[in-house]
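None of the figures in this text is laboratory data; all of them are computed from the coordinates on show. This is a predicted model, so every value here is computed, not measured. Cβ: placed from backbone, ideal geometry, glycine included. Neighbour counts: every protein chain shown.
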Amino acid sequence: MTSTPETQLREAGLRVTAGRVVILEALDRLPHADAESLFRAAQEQLPGTSIQSVHNVLASLTESGLLRRIEPAGSPARYERRIGDNHHHIVCTNCGAIGDVDCVHGDAPCLTPSNTNGFTVSTAEITFWGLCAECSALA
């Protein structure tokens, strides 16, 4: 059984606030959303919400480990609820749609670099680029 946003916030040591709950719920519906999209979603339920408030909520949720922040090149930061695994992303070069790609070689980091330069590697972050099915159909 999946826990509620309220339970997840408490378990992460965060106060339960309407803004945090609304953002977590919005990300369930809008995976890989940017702050602006989440701001619009939050305003529907919490009129008067500011973009700064959304940024503050995103920062605290990311810092606490409830969200993952990804930053595809040429795109604003995006946020997702899928955490705790070492998955990758695929981005449409035309419309910017983002999808998840499971690691194909098991546990993190799932890829072995040819030279670690003395680093101990814990995760790998790969971004694949191409056309999504909708954009391919239009091409």
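Magnitude of the charge dipole for the chain, about its Cα centre and with charges confined to Cβ atoms of Lys, Arg (+1) and Asp, Glu (-1), is about 280 debye.
Give the shape of segment 5-79 as rounded, prolate or oblate, defined through the alpha-carbon gyration tensor: a ≥ b ≥ c are the square roots of its eigenvalues, a/c under 1.5 means rounded, and otherwise the shape is prolate if a/b is larger than b/c and oblate if not. Oblate, because a/c is 1.5 or more while a/b does not exceed b/c. Length gained on full extension, VAL101 to ALA12, computed as 0.36 nm times the residue gap minus the Cα-Cα distance: 29.4 nm. Once the Kirkwood radius over Cα pairs is known for segment 85-139, the Stokes-Einstein relation at 4 °C and 1.567 mPa s delivers a diffusion coefficient of 102 µm²/s. Between helix 18-29 and the chain there is an angle of about 40 degrees, using the helix long axis and the longest principal axis of the Cα atoms.
Residues in segment 81-87 carry Karplus couplings, in order, of 8, 6, 10, x, 9, 10, 8 Hz; the curve used is 6.51 cos²θ - 1.76 cosθ + 1.60 with θ = phi - 60°, and Gly or Pro positions show x. Beta bridges assigned by DSSP with both partners in segment 19-137 are antiparallel in approximately 70 percent of cases. Compared with the dominant Cα axis of the chain, that is its longest principal axis, helix 35-45 is turned about 30°. The C-alpha atoms of the chain define a longest principal axis, and helix 51-63 lies at about 60 degrees to it. Here the gap between ASN94 and GLU44, fully extended at 0.36 nm per residue and compared with their Cα-Cα distance, gives a gain of 15.1 nm.
Peptides 87-98, 119-130, 45-56, ordered by how many other C-beta atoms sit within 10 Å of their residues on average, highest first, read 87-98, 45-56, 119-130. By the gyration tensor of its Cα atoms, with a ≥ b ≥ c the square roots of the eigenvalues, what is the shape of the chain: rounded for a/c under 1.5, prolate for a/b over b/c, or oblate? Note, shape of the chain comes out oblate.
Each of ASN56 and GLU25 was given a label point 7 Å from its Cα along the Cα-to-Cβ line. The distance between the two points is 2.1 nm. How much FRET efficiency would the formula 1/(1 + (r/R0)^6) give for THR4 and SER122, where r is the Cβ-Cβ distance and R0 is 25 Å, rounded to 0.05? Approximately 0.25, to the nearest 0.05. Computed over the chain, the per-residue total of -39500 (n - 2.57) for DSSP H runs of n ≥ 4 gives a 222 nm mean residue ellipticity of -10500 deg cm²/dmol, rounded to 500.
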